[in-house]
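Note sheet for the following structure.
Values in this text are rule-based calculations from the coordinates and carry no lab data. What you see is a predicted model; the values in this text were computed from it and never measured. Virtual Cβ from ideal backbone geometry, glycine too; neighbours counted across all protein chains shown.
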Amino acid sequence: MFFETEQLVISKISNDDSERLATVLSNPDVMKYSTVGVHTEKQILAYIANCQQQYLTNGYGHWAVYRKEDNAFVGVCGLNYHQVDNEDVIHINYRLASDYQDKGYAVESTLAVLAFAKKVLGLESVSALIESDNVSSVKVVNRTGFVFAKATNFRGFNVDVYQVSL
């Protein structure tokens, strides 16, 4: 276990998570607004390896999110580093399995990751990169303290950049 919230356990992604990750990363509806698209089995294995490398290199990455009450796999939530408009940003990213959307888990896991970013990593701010049509994600960032910073292009997608001070 890595850390937990009232309803969730958030832990490092392991090689054993590939089938669970497929329920999220291979689902076209869940990945609709992803800049990397739907993942194949091979891409999921590369995703796992990348997450594990990020933990070692940066002390953060994407984490698996499980529901405490029954250990059900809810999805992933975590931090990424990218350059956006020639500026270094650490941004939050989350993807939840269809059965666990609209239940408050995205907000709860986002708040937990932001607390980790502040307390453990000592970050002063975190960004979110969201396509403006992704109404659900806009609601999540609005509920977790992010404010709109600018519109830009990221990986060929028009995105809105939101930021939160920690």
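Take every pair of alpha-carbon atoms less than 8 Å apart whose residues are at least six positions apart; their mean separation over the length of the chain yields a relative contact order of 18 percent. Panel note: the C-alpha atoms of segment 29-166, placed on their principal axes, show extents of 39, 32, 32 Å (largest first). Where in segment 76-108 does the label zone of SER14 land, with the point 7 angstrom along Cα→C-beta and an amide N cut-off under 18 Å? Residues 76-77 fall inside that zone. Which is the longest stretch in the chain that no exposed loop site breaks, taking sites as GluC sites (Glu not before Pro) with a DSSP loop state and at most 16 other Cβ atoms within 10 Å? The segment 7-68 is the longest one with no such site. From least to most packed, judged by other beta carbons within 10 angstrom and beginning with the fewest, THR57, THR35 follow the order THR57, THR35. Once the Cβ-Cβ distance of ALA149 and LYS68 is raised to the sixth power relative to R0 = 35 Å, the FRET efficiency obtained is 0.55.
Express in nm, to one decimal, how much length is gained between LEU111 and ILE90 on full extension, taking 0.36 nm for each residue of separation and deducting their alpha carbon distance. If you can, show how the numbers build up before the last one.
Values: separation 21, 0.36 × 21 = 7.56 nm, distance 1.51 nm.
Working it through step by step, the gained length comes to 6.0 nm.
Taking the number of Cβ atoms within 10 Å of each Cβ as an exposure proxy, the fewest-first ranking of THR40, THR23 is THR40, THR23. Given segment 45-166, what percent of its DSSP beta bridges are antiparallel, to the nearest 5? Here the share of antiparallel DSSP bridges comes out near 95 percent.
Give me the count of lysine pairs in the chain whose alpha carbons sit under 18 angstrom apart, restricted to pairs 8 or more positions apart or on different chains. Before the final figure, lay out each step's value.
On the way: LYS12/LYS68; LYS12/LYS119; LYS32/LYS139; LYS68/LYS103; LYS103/LYS139; LYS139/LYS150.
Total qualifying Lys-Lys pairs in the chain comes to 6.
Structure remark: mean-square fluctuation, Gaussian network model of the chain, C-alpha springs under 10 Å; the largest value among LEU79, LEU25, LEU45 belongs to LEU45.
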